[in-house]
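A.B. asks: If you scroll down you'll find the structure; I have some questions about it.
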Amino acid sequence: MNAVEINNLTKIYGTNYALQGFNLNIEAGKVYGLIGPNGAGKTTAMSIMATLLAPDGGAVSVAGFDVLKEPASVRRAIGYMPDFFGVYDGLKATEYLEFYAAAYRIPAKQRPQLTRDLLELVNLSEKADCYVDLLSRGMKQRLAMARCLVHDPTVLILDEPASGLDPRARAEMKEVVRQLKRMNKTVLISSHILPELAEMCDNITILEQGRLVANGTVEEVTASRQGVRVLKVYVTDRLPELLDFLHEQPNIVNVDGDPGWARISFAGDKAAQGNLLRDIMEGGWTVLEFAEVKGNLEDAFMAVTGEVG
Amino acid sequence: MKELNPVLLKELRQRFRSYRSSLVVLLYLLVLGGFSLGFIYLNWRGSPGFFQPGSSREIFIVLSMAQLGLLAFVVPGLTAGVISGERERQTLNVLLTTDLNPLSIVTSKLVSACSFTALLLFATLPLYSLVFMYGGMAPGQIMGVLGFFLISMFLFAAIGVACSTYFKRTGVSTVSTYGIVFFIVAGTGFLAAFIYQLYQYQARISMLNMLETPMVVQILQDVTRC
């Protein structure tokens, strides 16, 4: 059974398509990762699922309810966490959760126990009486996660939950997501931290310029890019010239680089790879290393988004 | 018993927990009290040794004008950021995904701001004892003015919340609210004075025109002939 069904979703801002014929089915009880560069349409898609934006075309249903026809039922079925945690000054963590519990019409008698349970779930029991604005960013994110769960939703929509967190806070957030999976919640997470998504998610969806460009398990997405291999070239100098040179070569899908090395999405065979190395060296570059990178999610992401761009 | 709206409860908790609220009440009373006592002092200095009891009407007017001015200053500041602030903190989207409907969110914010301003108003009531001390004003008149303040406060607060909902940024909302409130408080006064002057001018013109009608001219000629 699908917890979320998105069919031919379109959203237009002025003349720009934020989403263009986006299709996605999310299986109940699974953790889905939504990846895409900035402006790919991730937040727009999530806002539409959360009933905060109306689509310009297509249909979206969450937990069996249409977002346009039954928004109240959709809201009861989802827990939404935006990409920025806004705080209310002068509220304690327990009061913060009790406020949202009241907003979801949870009976007053149940709220103290519910609040205690949720704080324990996100490992914040010790901070129950602390003011929310004084908590660290990681703690605030976990508190926001607890807030998403006050009404026991079946679907969780988490927009960049790990953004701006230090490694320890990210690990704690990851653990909370795993806990949600054990609770059989359907989770949709967007993130830029690709290796972590690969660890947390059952499925990965790559979105680029409002279009779905890849969807499947991490293994499937990386395997689907087998036609495109990722090569890394370390050179001593003249990297910008090398990038320009590579752009003009055959079989190159995409090129980008960091200081000292270039990453190439390469569609040629092994012989073509050898020819490319020869051409680079004949071009006068001193090559320190030239190797194929073992396929991972990040490389698939770079290859896929490069193709679309 | 029906539970208080959660947004209203949260707003009241946040507002009355903060020391700033007590500070605002203190400053409000100091300004208004200082204004009234200053007015009495200036009157007393003009005729040392006693204070004209007949001046209590003037104190009442000065106090009421100062109160209205302060309300026009304080209420927009309290209300112009209530919704746009939620939007800027990015808490509005989360609030809109709960079971609360937009109307209940807006009305809760309005009621919360009005309750604090009502506290300010009621806190100033003891200052009106200065008026009673010298007599000359009926309690009914003071209650009438209080009712006028409550309605004005509600109007200013509603304008603030409306601007805050319409404009995305608190800065724009605040400037717009002060602009509209200033027009209502001072602009309508100027407009009334202008219309009155216009009316007077037209009355004079029509009087002159009337003097030039044949019948009036005939009468005037007859009178001078006699």
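A.B. asks: Assess whether A:Arg170 counts as being closer than 26 Å to A:Gly138 by Cα, out of contact with any Lys or Arg (no Cβ under 9 Å at 6 or more places or on another chain) and either touching a residue at least 12 places away in the same chain (Cβ under 8 Å) or hydroxyl-bearing (Ser, Thr, Tyr) (or both).
C.D. replies: yes
Matching residues to (1) more than 22 Å from B:Tyr28 (Cα to Cα); (2) touching a helix residue (DSSP H, G or I) at 6+ places or on another chain (Cβ under 9 Å):
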{"residue": "B:Lys109", "(1), (2)": "no, yes"}
{"residue": "B:Phe116", "(1), (2)": "no, yes"}
{"residue": "B:Tyr128", "(1), (2)": "no, yes"}
{"residue": "B:Met143", "(1), (2)": "no, no"}
{"residue": "B:Leu155", "(1), (2)": "no, yes"}
{"residue": "B:Ala158", "(1), (2)": "no, yes"}
{"residue": "B:Tyr166", "(1), (2)": "yes, yes"}
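A.B. asks: If you check A:Gly90 against the conditions, is it part of a strand (DSSP E or B) and either buried (at least 18 other Cβ atoms within 10 Å of the Cβ) or not charged (D, E, K, R) (or both)?
C.D. replies: In short, no.
A.B. asks: Same structure again: Consider region B:78-103. How many of its residues are farther than 20 Å from A:Thr44 by Cβ, out of contact with any Gly (no Cβ under 7 Å at 6 or more places or on another chain) and β-branched (Val, Ile, Thr)?
C.D. replies: So the count comes out to 3.
A.B. asks: Something else now. Taking region B:13-37, which residues are at pLDDT 85 or above and small (Gly, Ala, Ser)?
C.D. replies: Scanning region B:13-37 gives B:Ser21, B:Ser22, B:Gly33, B:Gly34.
A.B. asks: Condition check: within 14 Å of chain B (Cβ to nearest Cβ) and among the small types (Gly, Ala, Ser). Does A:Ala146 satisfy that?
C.D. replies: The answer is yes for A:Ala146.
A.B. asks: Tell me, which helices (runs of 4 or more DSSP H) wholly within region B:78-171 include 1 or more residues that are within 14 Å of another protein chain (Cβ to nearest Cβ)?
C.D. replies: Values: elements: B:82-88, B:92-96, B:102-123, B:129-134, B:139-166.
Per the criteria, B:82-88, B:92-96, B:102-123.
A.B. asks: Pick out the one residue from A:Arg111, A:Arg170 that is surrounded by fewer than 20 Cβ atoms within 10 Å (Cβ to Cβ), among the basic types (Lys, Arg) and modelled with pLDDT under 90.
C.D. replies: A:Arg170 is the lone residue from the list that is surrounded by fewer than 20 Cβ atoms within 10 Å (Cβ to Cβ), among the basic types (Lys, Arg) and modelled with pLDDT under 90.
A.B. asks: Now a separate question. For region A:93-108, give me the residue count where each residue is within 8 Å of chain B (Cβ to nearest Cβ) and surrounded by fewer than 17 Cβ atoms within 10 Å (Cβ to Cβ). Show your work before the answer.
C.D. replies: Residues of region A:93-108 within 8 Å of chain B (Cβ to nearest Cβ): A:95, A:99-100, A:102-105, A:108.
Filter again for surrounded by fewer than 17 Cβ atoms within 10 Å (Cβ to Cβ), leaving A:105, A:108.
Matching residues across region A:93-108 total 2.
A.B. asks: While we're here: May I ask you to list the residues in region B:94-103 that are over 14 Å from A:Val74 (Cβ atoms) and either in contact (Cβ under 8 Å) with a residue 60 or more places away in the chain or crowded, with 17+ Cβ neighbours inside 10 Å (or both)?
C.D. replies: Residues satisfying the conditions are B:Val94, B:Leu95, B:Leu100.
A.B. asks: Ok, one more. Test each condition in (1) farther than 28 Å from A:Cys148 by Cα; (2) within 13 Å of chain A (Cβ to nearest Cβ) for B:Gly69 and report the one that comes out false.
C.D. replies: (2)
A.B. asks: Scan the strands (runs of 3 or more DSSP E) fully inside region A:5-85 and keep the ones with 3 or more residues being of a type outside the set (Val, Ile, Thr), at negative phi and within 14 Å of chain B (Cβ to nearest Cβ).
C.D. replies: A:78-81
A.B. asks: Okay, moving on. Looking only at region A:125-167, how many residues end up being small (Gly, Ala, Ser) and either part of a helix (DSSP H, G or I) or crowded, with 21+ Cβ neighbours inside 10 Å (or both)?
C.D. replies: Of the residues in that region, 5 qualify.
A.B. asks: Out of (1) in a helix (DSSP H, G or I); (2) farther than 28 Å from A:Tyr100 by Cα; (3) not basic (Lys, Arg), what's the single condition that is false for A:His192?
C.D. replies: (1)
A.B. asks: Now a separate question. Does A:Gly164 count as under 18 Å from B:Leu100 (Cβ atoms), modelled with pLDDT under 90 and within 14 Å of chain B (Cβ to nearest Cβ)? Quick ask: steps written out before the conclusion?
C.D. replies: Values: under 18 Å from B:Leu100 (Cβ atoms): no; modelled with pLDDT under 90: yes; within 14 Å of chain B (Cβ to nearest Cβ): yes.
Taking the combined requirement at face value, the residue does not satisfy it.
A.B. asks: Only one residue in A:Ser73, A:Ser61 is without any contact (Cβ under 8 Å) to a residue 40 or more places away in the chain, surrounded by 15 or more Cβ atoms within 10 Å (Cβ to Cβ) and closer than 30 Å to A:Asn7 by Cα, so which one is that?
C.D. replies: So the residue among A:Ser73, A:Ser61 that is without any contact (Cβ under 8 Å) to a residue 40 or more places away in the chain, surrounded by 15 or more Cβ atoms within 10 Å (Cβ to Cβ) and closer than 30 Å to A:Asn7 by Cα is A:Ser73.
A.B. asks: In addition: Out of all the residues in region A:119-133, is one or more under 22 Å from B:Leu96 (Cβ atoms) and within 14 Å of another protein chain (Cβ to nearest Cβ)?
C.D. replies: Yes; the residues of region A:119-133 include at least one that is under 22 Å from B:Leu96 (Cβ atoms) and within 14 Å of another protein chain (Cβ to nearest Cβ).
The values are calculated or read from the model by the stated rules, or taken from the named source; none is laboratory data. The shown structure was predicted, so the numbers you read here are calculated from the model rather than taken from an experiment. For neighbour counting, all protein chains shown are included, and Cβ atoms are generated from backbone atoms with ideal geometry for every residue, glycine included.
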